[in-house]
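Structure record follows, encoded as C-alpha coordinates.
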Amino acid sequence: MLNLKEDIEGARKVGKHGCVIKENEKYFDKYGKIYPFNNEELDTYYKDFNYDGPVLCVASSADHMLHAILQRATDVTLFDINRLTKYYCMLKLAGIKTLSYKEFFDYFKVTSEKLNLVNVELYKKVRRVLRAEDRCFWDDVISDGLTVNNFYNGIFDVEPVNNAYYDEDVYYDLQSKSLSIKPPKFMETDVFDLPKKLSANDKFSSIFLSNISDYVDGQEFEKLLVTLAKNHLLEGGLIQTNYFTDYDNLGLKLTFLESTNAVAKLIK
(Lines give C-alpha, C1' and ligand atoms only; values in the text may rest on other atoms or scores of the structure.)
Protein backbone atom coordinates (compact mmCIF):
# COMPACT_ATOMS: atom_id res chain seq x y z
CA MET A 1 0.00 0.00 0.00
CA LEU A 2 1.38 3.38 -0.95
CA ASN A 3 1.72 6.06 1.71
CA LEU A 4 0.20 9.21 0.23
CA LYS A 5 1.85 11.73 2.56
CA GLU A 6 5.24 10.08 2.13
CA ASP A 7 4.82 10.07 -1.65
CA ILE A 8 3.90 13.76 -1.76
CA GLU A 9 6.97 14.59 0.31
CA GLY A 10 9.08 12.40 -1.97
CA ALA A 11 7.82 14.28 -5.03
CA ARG A 12 8.62 17.61 -3.38
CA LYS A 13 12.17 16.53 -2.57
CA VAL A 14 12.79 15.34 -6.13
CA GLY A 15 11.37 18.60 -7.47
CA LYS A 16 13.55 20.67 -5.18
CA HIS A 17 16.80 18.75 -5.35
CA GLY A 18 16.52 16.65 -8.50
CA CYS A 19 17.91 13.14 -8.50
CA VAL A 20 21.69 12.79 -8.35
CA ILE A 21 23.08 9.25 -8.56
CA LYS A 22 26.25 8.84 -6.51
CA GLU A 23 28.84 6.12 -6.95
CA ASN A 24 27.65 2.69 -5.73
CA GLU A 25 24.03 3.89 -5.43
CA LYS A 26 21.12 2.36 -7.33
CA TYR A 27 20.41 3.99 -10.66
CA PHE A 28 16.70 3.95 -9.85
CA ASP A 29 15.19 4.19 -6.39
CA LYS A 30 12.02 4.70 -4.36
CA TYR A 31 11.64 8.35 -5.36
CA GLY A 32 13.22 9.67 -8.52
CA LYS A 33 12.71 11.60 -11.71
CA ILE A 34 9.99 10.49 -14.13
CA TYR A 35 10.32 9.94 -17.86
CA PRO A 36 7.56 12.09 -19.40
CA PHE A 37 7.56 9.97 -22.60
CA ASN A 38 9.28 6.77 -23.64
CA ASN A 39 12.35 6.90 -25.86
CA GLU A 40 11.89 3.60 -27.68
CA GLU A 41 9.78 2.81 -30.72
CA LEU A 42 7.13 0.72 -29.03
CA ASP A 43 4.81 0.47 -32.01
CA THR A 44 7.44 -1.59 -33.86
CA TYR A 45 6.81 -4.65 -31.69
CA TYR A 46 3.77 -4.18 -29.46
CA LYS A 47 1.46 -5.46 -32.19
CA ASP A 48 3.29 -8.82 -32.14
CA PHE A 49 2.44 -9.65 -28.53
CA ASN A 50 -0.52 -11.42 -26.91
CA TYR A 51 -3.28 -9.39 -25.26
CA ASP A 52 -5.87 -12.10 -24.66
CA GLY A 53 -5.15 -12.09 -20.94
CA PRO A 54 -3.81 -9.63 -18.32
CA VAL A 55 -0.66 -7.68 -19.16
CA LEU A 56 2.24 -6.80 -16.84
CA CYS A 57 4.51 -3.89 -17.68
CA VAL A 58 6.96 -1.48 -16.14
CA ALA A 59 5.21 1.78 -15.22
CA SER A 60 7.93 4.26 -16.28
CA SER A 61 6.38 6.95 -18.52
CA ALA A 62 3.02 5.11 -18.86
CA ASP A 63 3.69 4.59 -22.57
CA HIS A 64 4.09 0.82 -22.25
CA MET A 65 0.65 0.70 -20.66
CA LEU A 66 -0.85 3.00 -23.31
CA HIS A 67 0.53 0.95 -26.21
CA ALA A 68 -0.85 -2.20 -24.60
CA ILE A 69 -4.27 -0.52 -24.38
CA LEU A 70 -3.97 0.40 -28.05
CA GLN A 71 -3.63 -3.32 -28.77
CA ARG A 72 -6.89 -3.94 -26.83
CA ALA A 73 -5.42 -4.89 -23.47
CA THR A 74 -8.12 -4.29 -20.85
CA ASP A 75 -6.38 -5.58 -17.70
CA VAL A 76 -2.98 -4.02 -16.95
CA THR A 77 -0.74 -4.38 -13.91
CA LEU A 78 2.10 -1.90 -13.52
CA PHE A 79 5.28 -2.25 -11.50
CA ASP A 80 8.15 0.11 -10.80
CA ILE A 81 10.74 0.77 -8.11
CA ASN A 82 9.92 4.50 -8.34
CA ARG A 83 6.66 5.10 -6.51
CA LEU A 84 6.08 8.41 -8.28
CA THR A 85 5.57 6.65 -11.59
CA LYS A 86 2.26 5.25 -10.33
CA TYR A 87 0.78 8.73 -9.99
CA TYR A 88 2.18 9.88 -13.32
CA CYS A 89 0.73 6.84 -15.11
CA MET A 90 -2.69 7.54 -13.63
CA LEU A 91 -2.47 11.24 -14.56
CA LYS A 92 -1.45 10.43 -18.12
CA LEU A 93 -4.22 7.87 -18.53
CA ALA A 94 -6.71 10.42 -17.19
CA GLY A 95 -5.35 12.91 -19.71
CA ILE A 96 -5.92 10.47 -22.56
CA LYS A 97 -9.50 9.93 -21.38
CA THR A 98 -10.44 13.60 -21.03
CA LEU A 99 -8.33 15.84 -23.26
CA SER A 100 -8.38 16.56 -26.96
CA TYR A 101 -5.28 15.66 -28.98
CA LYS A 102 -3.96 19.23 -28.87
CA GLU A 103 -4.78 19.67 -25.17
CA PHE A 104 -3.00 16.44 -24.26
CA PHE A 105 0.28 17.34 -25.92
CA ASP A 106 0.07 20.88 -24.58
CA TYR A 107 -0.52 19.60 -21.06
CA PHE A 108 2.19 16.92 -21.03
CA LYS A 109 4.87 19.21 -22.40
CA VAL A 110 8.10 19.30 -20.43
CA THR A 111 10.94 21.58 -21.43
CA SER A 112 13.41 23.74 -19.58
CA GLU A 113 11.20 26.75 -20.28
CA LYS A 114 7.73 25.32 -19.70
CA LEU A 115 6.11 22.68 -17.54
CA ASN A 116 2.45 22.70 -18.40
CA LEU A 117 1.17 20.17 -15.86
CA VAL A 118 0.45 23.17 -13.66
CA ASN A 119 -2.10 24.48 -16.21
CA VAL A 120 -5.13 24.86 -13.95
CA GLU A 121 -7.84 24.71 -16.61
CA LEU A 122 -6.49 21.54 -18.21
CA TYR A 123 -5.87 19.93 -14.82
CA LYS A 124 -9.51 20.54 -13.87
CA LYS A 125 -10.53 18.38 -16.84
CA VAL A 126 -8.04 15.64 -16.00
CA ARG A 127 -8.75 15.46 -12.26
CA ARG A 128 -12.42 14.63 -12.86
CA VAL A 129 -11.54 11.02 -13.68
CA LEU A 130 -8.65 10.53 -11.24
CA ARG A 131 -9.22 8.15 -8.36
CA ALA A 132 -9.26 9.76 -4.90
CA GLU A 133 -5.68 8.89 -3.93
CA ASP A 134 -4.25 10.08 -7.26
CA ARG A 135 -6.37 13.22 -7.15
CA CYS A 136 -5.11 14.10 -3.64
CA PHE A 137 -1.52 13.56 -4.73
CA TRP A 138 -1.75 15.78 -7.80
CA ASP A 139 -3.86 18.45 -6.08
CA ASP A 140 -1.08 18.86 -3.56
CA VAL A 141 1.94 18.49 -5.84
CA ILE A 142 0.62 20.68 -8.65
CA SER A 143 -0.49 23.42 -6.27
CA ASP A 144 3.02 23.27 -4.79
CA GLY A 145 4.48 23.94 -8.25
CA LEU A 146 6.22 21.26 -10.27
CA THR A 147 9.73 21.88 -11.56
CA VAL A 148 11.69 20.26 -14.35
CA ASN A 149 13.69 18.50 -11.61
CA ASN A 150 10.77 16.08 -11.34
CA PHE A 151 11.30 14.94 -14.94
CA TYR A 152 14.17 13.71 -17.05
CA ASN A 153 14.76 16.46 -19.55
CA GLY A 154 17.19 15.01 -22.10
CA ILE A 155 16.85 15.32 -25.86
CA PHE A 156 15.48 11.78 -26.26
CA ASP A 157 13.57 11.58 -23.00
CA VAL A 158 10.93 14.21 -23.62
CA GLU A 159 10.00 13.67 -27.25
CA PRO A 160 6.50 12.17 -27.74
CA VAL A 161 7.06 11.40 -31.42
CA ASN A 162 8.15 7.79 -30.77
CA ASN A 163 4.66 6.93 -29.59
CA ALA A 164 2.04 5.53 -31.95
CA TYR A 165 -0.53 7.87 -30.40
CA TYR A 166 1.41 10.91 -31.57
CA ASP A 167 -0.67 10.37 -34.70
CA GLU A 168 -3.97 12.17 -34.13
CA ASP A 169 -6.19 9.36 -35.43
CA VAL A 170 -4.37 6.82 -33.27
CA TYR A 171 -4.72 9.15 -30.29
CA TYR A 172 -8.51 9.14 -30.55
CA ASP A 173 -8.50 5.36 -31.04
CA LEU A 174 -6.52 5.09 -27.79
CA GLN A 175 -8.91 7.48 -26.09
CA SER A 176 -11.88 5.31 -27.05
CA LYS A 177 -10.19 2.10 -25.87
CA SER A 178 -9.02 3.66 -22.61
CA LEU A 179 -12.60 4.24 -21.50
CA SER A 180 -13.33 0.51 -21.14
CA ILE A 181 -10.24 -0.80 -19.34
CA LYS A 182 -10.11 -1.94 -15.72
CA PRO A 183 -8.38 0.49 -13.31
CA PRO A 184 -4.68 -0.43 -13.61
CA LYS A 185 -3.05 -2.03 -10.58
CA PHE A 186 0.37 -0.91 -9.34
CA MET A 187 3.14 -2.74 -7.46
CA GLU A 188 6.10 -0.88 -6.01
CA THR A 189 8.93 -3.36 -6.52
CA ASP A 190 12.40 -3.97 -7.84
CA VAL A 191 12.28 -6.27 -10.88
CA PHE A 192 14.02 -9.09 -8.99
CA ASP A 193 11.31 -9.02 -6.30
CA LEU A 194 8.52 -9.46 -8.84
CA PRO A 195 8.17 -13.23 -8.17
CA LYS A 196 7.66 -12.47 -4.45
CA LYS A 197 5.01 -9.85 -5.18
CA LEU A 198 3.04 -12.00 -7.63
CA SER A 199 0.74 -14.76 -6.43
CA ALA A 200 0.59 -18.20 -8.02
CA ASN A 201 -2.65 -17.15 -9.72
CA ASP A 202 -1.11 -14.11 -11.40
CA LYS A 203 -0.73 -15.10 -15.06
CA PHE A 204 -0.09 -12.75 -17.96
CA SER A 205 -0.36 -13.00 -21.72
CA SER A 206 2.49 -10.48 -22.11
CA ILE A 207 5.15 -8.99 -19.85
CA PHE A 208 7.05 -5.84 -20.86
CA LEU A 209 10.35 -5.04 -19.12
CA SER A 210 11.68 -2.24 -21.36
CA ASN A 211 15.47 -1.97 -20.98
CA ILE A 212 15.78 -2.97 -17.32
CA SER A 213 18.33 -5.56 -18.48
CA ASP A 214 20.77 -2.71 -19.22
CA TYR A 215 21.04 -1.90 -15.51
CA VAL A 216 21.21 -5.31 -13.83
CA ASP A 217 23.37 -8.44 -13.73
CA GLY A 218 22.77 -10.40 -16.93
CA GLN A 219 22.89 -13.90 -15.45
CA GLU A 220 20.54 -13.02 -12.61
CA PHE A 221 18.20 -11.38 -15.09
CA GLU A 222 18.07 -14.52 -17.24
CA LYS A 223 17.19 -16.57 -14.13
CA LEU A 224 14.40 -14.10 -13.39
CA LEU A 225 13.05 -14.40 -16.93
CA VAL A 226 12.89 -18.18 -16.68
CA THR A 227 11.05 -17.92 -13.33
CA LEU A 228 8.54 -15.44 -14.75
CA ALA A 229 8.00 -17.51 -17.87
CA LYS A 230 7.47 -20.74 -15.95
CA ASN A 231 5.23 -19.34 -13.24
CA HIS A 232 3.50 -16.25 -14.58
CA LEU A 233 2.98 -16.52 -18.35
CA LEU A 234 -0.11 -17.92 -19.97
CA GLU A 235 0.37 -20.44 -22.77
CA GLY A 236 1.61 -18.58 -25.85
CA GLY A 237 2.62 -15.54 -23.83
CA LEU A 238 5.81 -13.53 -24.34
CA ILE A 239 8.21 -11.52 -22.21
CA GLN A 240 9.86 -8.50 -23.82
CA THR A 241 13.33 -8.41 -22.33
CA ASN A 242 15.31 -5.72 -24.07
CA TYR A 243 15.16 -2.33 -25.72
CA PHE A 244 14.46 -0.97 -29.16
CA THR A 245 15.59 2.45 -30.27
CA ASP A 246 16.92 3.37 -33.67
CA TYR A 247 18.85 6.56 -32.95
CA ASP A 248 22.08 4.97 -34.22
CA ASN A 249 20.48 3.02 -37.09
CA LEU A 250 21.49 -0.29 -35.56
CA GLY A 251 17.99 -1.65 -35.98
CA LEU A 252 15.94 -3.95 -33.78
CA LYS A 253 17.38 -5.04 -30.45
CA LEU A 254 14.30 -6.87 -29.24
CA THR A 255 14.65 -10.11 -27.32
CA PHE A 256 11.89 -12.21 -25.87
CA LEU A 257 11.18 -15.40 -23.95
CA GLU A 258 8.28 -17.69 -24.79
CA SER A 259 6.19 -19.41 -22.13
CA THR A 260 6.14 -22.59 -24.19
CA ASN A 261 9.93 -22.89 -24.03
CA ALA A 262 10.87 -21.22 -20.79
CA VAL A 263 14.29 -22.80 -20.42
CA ALA A 264 15.34 -22.11 -24.00
CA LYS A 265 18.33 -19.93 -24.71
CA LEU A 266 17.31 -16.28 -24.93
CA ILE A 267 17.26 -14.82 -28.42
CA LYS A 268 20.11 -12.36 -28.83
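The values are calculated or read from the model by the stated rules, or taken from the named source; none is laboratory data. These numbers were taken from a predicted model, which means no experiment stands behind them. Every residue, glycine among them, receives a Cβ derived from its backbone with ideal geometry; neighbour counts consider all protein chains shown.
Can you go through K97, K92, K47 and tell me which one is part of a helix (DSSP H, G or I), among the charged types (D, E, K, R) and under 15 Å from the mean Cα position of the chain (by Cα)?
Step by step, each of K97, K92, K47 is checked, and only K92 is part of a helix (DSSP H, G or I), among the charged types (D, E, K, R) and under 15 Å from the mean Cα position of the chain (by Cα).
Just to verify a result, which residue in the range 117-146, among those that are part of a helix (DSSP H, G or I) and among the basic types (K, R), is nearest to G10 (Cα to Cα)? Steps first, please.
So the first thing to find is which residues in the range 117-146 are part of a helix (DSSP H, G or I), and the list is 117-118, 120-127, 132-144.
Still in the running and among the basic types (K, R): 124-125, 127, 135.
Working: K124: 24, K125: 25, R127: 21, R135: 16 Å.
Top of the filtered list is R135.
Residue by residue through the range 66-83, note down the ones that are outside any loop (DSSP other than H, G, I, E, B) and of a type outside the set (D, E, K, R).
Hits for the range 66-83 are L66, H67, A68, I69, L70, V76, T77, L78, F79.
Output yes when any residue across the range 181-195 is under 17 Å from S61 (Cα atoms), among the charged types (D, E, K, R), in contact with a strand residue (DSSP E or B) (Cβ under 6 Å, 6 or more places away or on another chain) and modelled with pLDDT of 90 or more, and no when none is.
yes
Which of the following residues is aliphatic (A, V, I, L, M), surrounded by fewer than 17 Cβ atoms within 10 Å (Cβ to Cβ) and more than 23 Å from D7 (Cα to Cα): V118, V161? Before the answer, list the steps.
On the way: V118 fails: more than 23 Å from D7 (Cα to Cα).
V161 is the lone residue from the list that is aliphatic (A, V, I, L, M), surrounded by fewer than 17 Cβ atoms within 10 Å (Cβ to Cβ) and more than 23 Å from D7 (Cα to Cα).
How about the range 62-105: which of its residues are out of contact with any strand residue (DSSP E or B) (no Cβ under 9 Å at 6 or more places or on another chain), of a type in the set (K, R) and surrounded by 20 or more Cβ atoms within 10 Å (Cβ to Cβ)?
Answer for the range 62-105, where residues must be out of contact with any strand residue (DSSP E or B) (no Cβ under 9 Å at 6 or more places or on another chain), of a type in the set (K, R) and surrounded by 20 or more Cβ atoms within 10 Å (Cβ to Cβ): just K92.
Can F186 be described as more than 20 Å from Y31 (Cα to Cα) and among the aromatic types (F, W, Y)?
Judged against the criteria, F186 is not a match.
Read through the list (1) over 21 Å from the mean Cα position of the chain (by Cα); (2) in a helix (DSSP H, G or I), then give the number of the only condition that S112 fails.
(2)
Suppose we filter the range 154-208 for residues that are closer than 15 Å to V76 by Cα and of a type in the set (F, W, Y); how many remain?
Selection size over the range 154-208: 3.
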